[in-house]
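Visitor: Sharing a structure here in structure tokens format.
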Amino acid sequence: MNKKKHLSINFFTTVLSIFLLTACTTEESNNYATDNFPGLKIKLLVGSALDEFCQEATQKFNDTRPELSNGTKFKVYCEAKGSGDVVAKVVSLANKLKNGDLQADGEEFPTIFSVDGEIYQSQLIYQVNKLFPGQKYIPEVADSPMLANSPMVFMARSDIAKGLQKVNNQFQSLAKAKTHQDIYSSSPSSKVYYVHTAPTRSNSGLQALVAQFAAVSGKSPEKITVADVQKYQPQVKKIQSKITRYGSSTSSLAKAMVENGPSWASVGSVYESSVISANSNLEPGKNRYQAVYPKSTFTSNMRAIIPNAPWVSADEKAAAEQVIEYFRSPEVQEIATSLGLRPGIPGVSLGTKFSPEFGVQATAKYHSFSPPKPSVVEAMLNSWQKTAKKPSLVAVVIDSSASMLGNKLSAVQNTLQTYISNMGPREKIALIDFDSAVRRPVIVDASQKGQEKALQFIGSLKADGGTALYDAAIYARNWLQQNLHSDTINAVLVLTDGEDSESKISLQDLEKELKSSGFNSEKRITFLTVGYGEDGEFNSDVLQRIAQLNGGYYSQGDPETISSLMRDLQLEF
């Protein structure tokens with residue numbers, strides 16, 4: 001059976017929206033639809049923490065030219081997404097199967113999948129059981145073989161980590177503290193700036209959120225009730241108030257902490273493997289970071305799931321079992337340890353990366369949390385989106401110069417509609433259109449009136465004129481400074497398809513202004529830039545410089561990828 005890539009995703013009921021994490025999709029998975037392999041094609045869909053392991057192990061497995069006992073040759077293709085996206089995709093496909101929109105032998109279904117922790121696996125079981133009561137298409141957690149694991153830790157520089165190690169309940173301390181000295185008297189007096197990924201799509205973000213509720217309630221996650229979520233929501237909101245950035249990638253957050261220092265984020269909730277990765281190949285002058293292991297945390301068990309479902313044929317199941325047996329072999333498990341993941345089977349040496357040199361402890365001791373009830377997880381996500389999440393105000397700066405004619409502009413218009421329709425109640429944006437001139441912002445929130453204003457703005461966009469990129473960037477920064485809220489994530493997101501041709505200020509003047517934007521203070525304004533189109537149509541070096549001056553980053557998109565790229569960027573806020 002040949003299976004093709006399917007990108008329709010719906011998240012479970014309490015989440016306002018779920019987006020495709022195409023940035024994590026690998027070259028191997030992109031070749032799935034075009035590979036003319038004549039045998040059985042097995043799709044393996046994993047969470048992003050398992051991405052590199054999956055790619056290396058899959059390549060080695062395919063090199064063995066596997067075949068079934070009946071002589072059928074097969075090949076495995078690995079694709080990685082955020083764990084929330086994995087759940088969303090499987091649930092969406094199962095829903096299509098139930099409604100008759102997809103046949104059981106449809107090419108879209110993955111044969112094997114994995115998420116980066118047991119909370120999302122429990123959610124997957126819960127959601128599919130609701131669609132097919134009594135069928136038990138998704139096996140129980142304990143019946144899914146372990147591939148690897150990586151405990152959730154706090155990541156901080158050594159001077160800050162020492163203080164965090166001294167306290168019994170780090171999240172309770174974060175809720176009360178303004179500075180690290182408030183957490184422990186010998187720590188630096190610098191302010192607490194905290195990061196974790198968006199819990200609606202990232203496993204580490206969801207585990208961090210659940211751990212926060214556990215910490216402030218004094219209850220283990222499995223004992224927390226829906227009523228507890230409402231009761232302890234204010235304390236979790238205090239922790240969230242320390243957030244400087246969310247995001248979709250745990251490893252990217254960890255690396256950005258090293259790159260930008262404690263003024264960008266002084267503490268992060270990440271995987272142990274992310275600390276190892278961030279400390280690998282440190283640039284000169286960059287500080288080493290340490291993992292702080294809470295007394296209780298999530299182990300992030302990454303298990304292989306073979307559905308007991310009609311979309312998995314007997315041959316596919318037999319092939320999947322071969323794949324899992326190979327992935328769990330001692331030789332292949334060493335790939336996991338080389339990447340900073342703990343092995344899924346006993347008896348495998350951890351290797352050299354599990355050492356203080358890489359910021360971790362080989363024999364770390366902690367109590368491993370169990371997942372909450374799925375209904376409680378849904379309540380936590382609703383609470384986060386509607387109340388606890390830190391508010392954001394983002395100036396979205398859109399290039400509508402003449403070079404945007406044709407499908408470029410229409411793709412951006414469609415993308416903006418999706419972006420706006422998925423805004424949460426804690427989000428607000430200022431839409432700023434520019435060509436040769438920069439126009440006044442249109443302020444949009446998630447209300448019906450805000451949506452209507454946004455649709456009018458999108459419909460009014462016309463491709464004409466030159467590109468006053470630098471003027472637009474400084475205009476957006478100035479507008480945000482005048483409308484700044486200290487308890488809000490403030491950012492500028494610039495999308496352009498060309499080099500500056502009409503600005504009154506120079507690049508040097510812009511850089512000087514951005515350097516004085518107070519990024520290392522409560523008045524921080526982050527810049528994210530997107531080069532839109534083909535290489536050579538815009539100056540990527542300039543866009544990268546603009547972003548990096550204020551703790552942001554540069555991305556590249558085109559009419560095919562801009563929608564998924566903007567969905568990922570929306571998670572930053």
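The values are calculated or read from the model by the stated rules, or taken from the named source; none is laboratory data. All figures in this text were calculated on a predicted structure; none of them were measured in a lab. Cβ sites come from the backbone with ideal geometry, for glycine too, and all protein chains shown count toward neighbours. Accessible surface is based on the protein model in full, side chains and every heavy atom, while ligands, DNA and RNA are left aside. Shrake-Rupley method; radii C 1.70, N 1.55, O 1.52, S 1.80 Å.
Visitor: With all protein chains present, calculate the accessible area of H367 using a 1.4 Å probe and round the result to the nearest 10 Å².
Guide: For H367, solvent-accessible area is about 100 Å².
Visitor: Around L461, which amide H atoms from residues at least 5 apart in sequence, or from another chain, sit under 5 Å from its own amide H, with H modelled in the peptide plane?
Guide: So L461 has HN proximity to no qualifying residue.
Visitor: Determine the gain in length on full extension of the stretch K98-S338; use 0.36 nm per residue of separation and subtract their C-alpha separation, reporting nm with one decimal.
Guide: Numbers: separation 240, 0.36 × 240 = 86.40 nm, distance 4.17 nm.
Going from the current span to full extension adds 82.2 nm.
Visitor: What's the local net charge at I335, with K and R +1, D and E -1, over the other residues with C-beta under 11 Å away?
Guide: Numbers: positive: K60; negative: E52, E56, E331, E334.
Charge balance near I335 sits at -3.
Visitor: Quick check: at a probe of 1.4 Å, how many percent of the accessible area of segment 85-160 sits on carbon and sulfur atoms?
Guide: In segment 85-160, the share of accessible area belonging to carbon and sulfur is 44 percent.
Visitor: Could you compute the FRET efficiency for S263 and K130, with r as their C-beta to C-beta distance and R0 at 45 Å, rounded to 0.05? Can you show the working numbers first?
Guide: Values: r = 45 Å, r/R0 = 1.00.
Efficiency for this residue pair is about 0.50.
Visitor: Moving on to the next point. What ranking of Y293, Y184, Y271 comes out by heavy-atom accessible area, probe 1.4 Å, highest first? Could the numbers behind the result be given before it?
Guide: Numbers: Y293 30, Y184 80, Y271 10 Å².
Largest accessible area first, the list is Y184, Y293, Y271.
Visitor: Residue by residue through segment 222-232, which ³J(HN,Hα) values in whole Hz follow from phi under the Karplus form 6.51 cos²θ - 1.76 cosθ + 1.60 (θ = phi - 60°), with glycine and proline marked x?
Guide: 5, 9, 6, 9, 4, 5, 4, 4, 5, 5, 9
Visitor: So if I place +1 on the C-beta of Lys and Arg and -1 on the C-beta of Asp and Glu, and nothing else carries charge, what would the dipole magnitude of segment 222-368 be about its Cα centre? I want it in debye, nearest 20. Intermediate values should be presented prior to the final figure.
Guide: Values: 16 positive and 12 negative charges, 185 e Å.
Roughly 900 debye for segment 222-368.
Visitor: So how exposed is D399, as accessible area in Å² (1.4 Å probe, rounded to 10)?
Guide: The accessible area of D399 comes to roughly 0 Å².
Visitor: Extending each Cα 7 Å along its Cβ direction at T363 and D535, get the distance between those two points in nm, one decimal.
Guide: Placing both labels 7 Å along Cα→Cβ, they lie 5.0 nm apart.
Visitor: Along the charge dipole of the chain, Cβ charges K/R +1 and D/E -1, which of A175, S69, A476 sits furthest on the positive end?
Guide: Result: A175.
Visitor: Sticking with this one: Taking 19 Å as the cut-off for C-alpha to C-alpha distance, list the pairs among K242/K389; K162/K191; K255/K389; K43/K89; K191/K386 that go past it. List each step's numbers first, then the result.
Guide: On the way: K242/K389 10 Å; K162/K191 16 Å; K255/K389 23 Å; K43/K89 13 Å; K191/K386 26 Å.
Table pairs above 19 Å Cα-Cα are K255/K389; K191/K386.
Visitor: Once amide H atoms are built 1.01 Å from N in the peptide plane, which residues 5 or more positions from L549, or in another chain, come under 5 Å H to H?
Guide: Result for L549 returns nothing.
Visitor: When the Debye formula is applied to the Cα atoms of the chain, each taken as the same point scatterer, what base-10 log of I(q)/I(0) results at q = 0.10, 0.13 Å⁻¹?
Guide: -0.87, -1.41
Visitor: Sticking with this one: How about segment 154-261: which trypsin sites (Lys or Arg not before Pro) there lie in a loop by DSSP and see at most 16 other Cβ atoms within 10 Å? Spell out each step's value before the answer.
Guide: Working: sites: R157, K162, K166, K176, K178, K191, R201, K219, K223, K231, K237, K238, K242, R245, K255; in loops: K178, R201, K219, K242.
Answer in residue order: K178, K219.
Visitor: Using protein chains only and a probe of 1.4 angstrom, how many square angstrom of F171 are accessible, to the nearest 10?
Guide: Result for F171: roughly 20 Å² accessible.
Visitor: If you don't mind, another one. Along the charge dipole of the chain, which of A256, Q322, S300 sits closest to the positive end, that is, farthest toward it, with unit charges on the beta carbon of Lys, Arg, Asp and Glu (+1, +1, -1, -1)?
Guide: Result: S300.
Visitor: For segment 391-572, what % of the accessible area comes from carbon and sulfur atoms, probe 1.4 Å?
Guide: Within segment 391-572, the accessible surface is 45 percent carbon and sulfur.
Visitor: Now a separate question. Once phi is turned into ³J(HN,Hα) by the Karplus curve 6.51 cos²θ - 1.76 cosθ + 1.60 with θ = phi - 60°, what whole-Hz value does each residue of segment 505-511 show in order, with x for glycine and proline?
Guide: Using θ = phi - 60°, the values come out as 9, 8, 4, 5, 5, 4, 4 Hz.
Visitor: At 1.4 Å probe size, with every protein chain present, just tell me what the per residue accessible area of the chain comes to in Å². Write down the numbers at each step before the final one.
Guide: Values: 22470 Å² over 573 residues.
Counting only protein heavy atoms, the per-residue value for the chain is 39 Å².
Visitor: Based on the Cβ-Cβ distance from A402 to K255, what FRET efficiency comes out when R0 is 35 Å, to the nearest 0.05?
Guide: Working: r = 38 Å, r/R0 = 1.08.
After rounding to 0.05, the efficiency reads 0.40.
Visitor: Right, next: In debye, nearest 20, what is the charge dipole magnitude of the chain about its Cα centre with +1 on Lys and Arg Cβ and -1 on Asp and Glu Cβ, if you could check? It would help to have the intermediate numbers written out before the result.
Guide: Details: 59 positive and 58 negative charges, 511 e Å.
Dipole of the chain, to the nearest 20 debye: 2460 debye.
Visitor: Report, by chain and number, residues whose modeled amide H sits under 5 Å from the one on D433, excluding near sequence neighbours (fewer than 5 apart, same chain).
Guide: When sequence neighbours closer than 5 places are left aside, the close amide H contacts are I398, R439.
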